[in-house]
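Participant: Input: one structure, supplied below.
The values are calculated or read from the model by the stated rules, or taken from the named source; none is laboratory data. Values in this document were obtained by computation on a predicted structure and should not be read as measured data. When we count neighbours, we look across all protein chains shown, and the Cβ atoms used for this are built from the backbone with ideal geometry, even at glycine.
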Amino acid sequence: MNSVSVSTCTPGPNLSCNVDDLSADCQISAEPRSPITAPLKVRRLNWPALEQLSLGATEQRGRSTGIGGSDANIILSGDRDKIVNLWREKRNEAEAPDLSDRLPVALGCWTEPFNRQWYEKITGEKIDSVGTSISCSTYSWRRCTLDGLVTATGAVWEAKHTSAFARPDEVLERYMPQLQHNMAVAKAEGAVLSVIFGNHKFEIFEVAADWLYQLDLLQAEEEFWDCVLTGQPPVPAPIPSAPKPVGTREVCLEGNNAWASAAIDWLENRAAAKRHSTACGIIKVRRG
């Protein structure tokens, strides 16, 4: 917090202010001080305006030329109405819904930079390639815009801000298509889902690239994109079982540091958990 003293130009009470980026705490003292000799300087953060959080016209048009990570969530949602609405948007037969007035959407966009910085603070990892757009080298219509990549590992980093009452397993399942889609497009072997629950909990999910799931996802996306090109209405695709995370870490945002010992256990057993997940996948395939 910056401490700024403001003095009157004539003898009398002085106003002493502690000013931070969003508020000011002021106290009056009886002892007069000398007049101001320098202009008052207050540090301000460049908070984005709400209109900056929504997609521009060019970005909206770009969405109709391919399938992105958020589209993958809809394609594997099993929700016929959402799938048909997305199909109509891709064919330019309907306008994309205006989400700028939806608080959860705007809040998620607003808190993404904080989410990234908090993840870096908690883990010591760095995030780069923020906002980078990538096209698949094999299927040009498969695209993704990255929230970031973990610098040390190359893992896809995805930020979400969800309800305080959401179940972690449901959140992971909801965004698994997006994670696996982005990993496939970026040719990454892993992904990190960084989630803020309400204002009291922060949880990190580590997910490995699952080639069986990605094959099912690719087939569903190919069928959907063929419908976009031909005009044939799409039907919901079968929903594959979501892969389990290879690691999770929970952090209380209320100042409780009890997660530290659990975090150590997670770090020490992460490799073993990954080997266990891989072995389970092989056994499942051979039994099938």
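Participant: Residues of the stretch 177-225 being more than 12 Å from the chain's Cα centre (by Cα), closer than 21 Å to Arg167 by Cα and β-branched (Val, Ile, Thr), which ones?
Facilitator: Val207
Participant: Please name all residue pairs, on different chains or six or more residues apart, with Cβ atoms under 6 Å, provided the first residue is in the stretch 106-123 and is touching a residue at least 12 places away in the same chain (Cβ under 8 Å) and the second residue is part of a helix (DSSP H, G or I).
Facilitator: Final answer for the pair search is Ala106/Leu53; Cys109/Leu53.
Participant: Still on this structure, I have one more. Out of the stretch 125-147, which residues are acidic (Asp, Glu) and under 17 Å from Gln180 (Cβ atoms)? Step through it out loud before you land on a result.
Facilitator: Initial filter on the stretch 125-147 (acidic (Asp, Glu)): 125, 128, 147.
Answer for the stretch 125-147, where residues must be acidic (Asp, Glu) and under 17 Å from Gln180 (Cβ atoms): just Asp147.
Participant: Could you go through the stretch 183-198 and let me know if any residue there is of a type in the set (Ser, Thr, Tyr), within 30 Å of Pro236 (Cβ to Cβ) and surrounded by fewer than 17 Cβ atoms within 10 Å (Cβ to Cβ).
Facilitator: Just the residues of the stretch 183-198 that are of a type in the set (Ser, Thr, Tyr), to begin with: 194.
This time we only want the ones that are within 30 Å of Pro236 (Cβ to Cβ), so: 194.
Subsequent filtering for residues that are surrounded by fewer than 17 Cβ atoms within 10 Å (Cβ to Cβ) retains none.
For the stretch 183-198, residues of a type in the set (Ser, Thr, Tyr), within 30 Å of Pro236 (Cβ to Cβ) and surrounded by fewer than 17 Cβ atoms within 10 Å (Cβ to Cβ): absent.
Participant: Taking the condition buried (at least 24 other Cβ atoms within 10 Å of the Cβ) and part of a helix (DSSP H, G or I), does Leu172 pass?
Facilitator: Against the criterion (buried (at least 24 other Cβ atoms within 10 Å of the Cβ) and part of a helix (DSSP H, G or I)), Leu172 does not qualify.
Participant: Okay, moving on. Among the residues of the stretch 183-239, which ones are under 30 Å from Leu107 (Cα atoms), charged (D, E, K, R) and not in a helix (DSSP H, G or I)?
Facilitator: Lys187, Glu189, Lys201, Glu203, Glu206
Participant: Now a separate question. For the stretch 76-104, give me each residue that is assigned to a helix (DSSP H, G or I), in contact (Cβ under 8 Å) with a residue 12 or more places away in the chain and within 19 Å of the chain's Cα centre (by Cα).
Facilitator: Result: Pro104, single match.
Participant: Just the residues that are within 17 Å of Asp169 (Cα to Cα), without any contact (Cβ under 8 Å) to a residue 60 or more places away in the chain and small (Gly, Ala, Ser), please, taken from the stretch 202-248.
Facilitator: Ser241, Gly247
Participant: Here's a follow-up. Answer yes or no: is there a residue in the stretch 142-161 that is more than 14 Å from the chain's Cα centre (by Cα), modelled with pLDDT under 95, surrounded by fewer than 17 Cβ atoms within 10 Å (Cβ to Cβ) and of a type in the set (A, V, I, L, M, F, W, C).
Facilitator: If we filter the stretch 142-161 for residues that are more than 14 Å from the chain's Cα centre (by Cα), which is where we start, we get 142-143, 151-154.
With the extra rule that they be modelled with pLDDT under 95, the set shrinks to none.
Looking for residues that are more than 14 Å from the chain's Cα centre (by Cα), modelled with pLDDT under 95, surrounded by fewer than 17 Cβ atoms within 10 Å (Cβ to Cβ) and of a type in the set (A, V, I, L, M, F, W, C), one finds none in the stretch 142-161, hence no.
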